[in-house]
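Worksheet: one structure, shown below.
The values are calculated or read from the model by the stated rules, or taken from the named source; none is laboratory data. Keep in mind that this is a model prediction, so the values were computed, not measured. Note that we place each Cβ from the backbone using ideal geometry, even for glycine, and neighbour counts take in every protein chain shown. The protein model used for the area step is the full one, side chains on, heavy atoms only, and it has no ligands, DNA or RNA in it. Shrake-Rupley method; radii C 1.70, N 1.55, O 1.52, S 1.80 Å.
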Amino acid sequence: MRLTYVTLFEGLIASYFEDSILKRAIAKNLLEVDFLSPRDFTTNKHAKVDDYQVSGGAGLVFFPQPLFSLLQTLKKQSPNAYIIFPTPAGKLFKQTDAKRLAKKEHLVFVSGRYEGIDERVIEAFADEVFCIGDYVLTGGELPSLVMSDAISRHIHGVLGNEDSLSVESFENTLLEAPCFSKPPLYENKSVPSEFLKGNHARILSLKNKMAESKTQYFRPDLFSRFRVKH
Ligand code: ADE
């Protein structure tokens with residue numbers, strides 16, 4: 001999959017691909033990452049990309065020209081490019097979106113800064129508009145990374161052990177059960193004794209109970225959906 005990040009701050013994003021799983025995915029040619037800066041598509045002499053809002057109101061916004069030129073050029077070169085705008089004023093990004101988008105060949109994330117992006121750019125180019133959670137960040141770079149990380153995990157070969165994809169949180173509407181490692185007793189705290197006895201059916205049943213309690217405690221919204229289904 002090709003990932004293109006449209007951003008004024010390439011460094012914020014590039015460093016995430018310099019370690020660990022996504023670095024390996026690039027080395028294995030499963031991911032290809034590139035960057036475009038709206039500043040390189042400006043027609044004004046100071047390479048300005050932001051301006052005041054015509055409505056008045058606080059803060060600057062990206063004005064249309066640089067992003068229009070950039071995205072028109074990109075679409076000509078890569079007609080299948082699927083363009084995503086992260087913004088707090090979007091649809092909540094979910095695991096199901098991550099899985100679905102993992103099948104695309106080219107994703108483009110357009111990171112806003114300041115107060116956002118002139119709405120006409122979004123109307124003209126957005127395939128999807130996503131919010132990653134009910135809080136406001138200083139720009140679209142982190143949301144772009146959050147989404148692309150969640151998406152990349154679903155590309156075959158990116159994760160070392162793909163079994164983990166089927167038991168993790170959100171797959172079955174319950175959060176994942178807590179996990180434990182060695183030693184069985186640490187700082188006076190022990191792992192659940194059932195986990196040490198090797199009876200896989202009983203371990204699974206305990207894990208399910210723990211997942212239910214965790215979900216009920218932390219995510220009553222998910223738990224009530226689970227209760228309807230089971
Ligand atoms: N830009 C700033 N905050 C955001 C959020 N919560 N989701 C997506 N994009 C954003």
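Among residues of the range 75-112 being of a type in the set (A, V, I, L, M, F, W, C) and closer than 16 Å to residue 152 by Cβ, the one that is nearest to the ligand (Cβ to nearest atom) is 93. The criterion of being among the polar types (S, T, N, Q) and over 21 Å from residue 3 (Cα atoms) does not hold for residue 78.
What number of residues within the range 156-174 satisfy the criterion of being in a loop (DSSP other than H, G, I, E, B) and under 18 Å from the mean Cα position of the chain (by Cα)? Going through the range 156-174 one residue at a time, the tally reaches 7. Taking the criterion of being at pLDDT below 95 and open to solvent by less than 40 Å² (accessible area, probe 1.4 Å), the residues of the range 113-166 that qualify are 116, 165. Put simply, of 124, 177 the only residue that is outside any helix (DSSP H, G or I) and more than 16 Å from the ligand (Cβ to nearest atom) is 177. Scanning the range 171-230 for residues being open to solvent by less than 100 Å² (accessible area, probe 1.4 Å) and basic (Lys, Arg) gives a total of 3.
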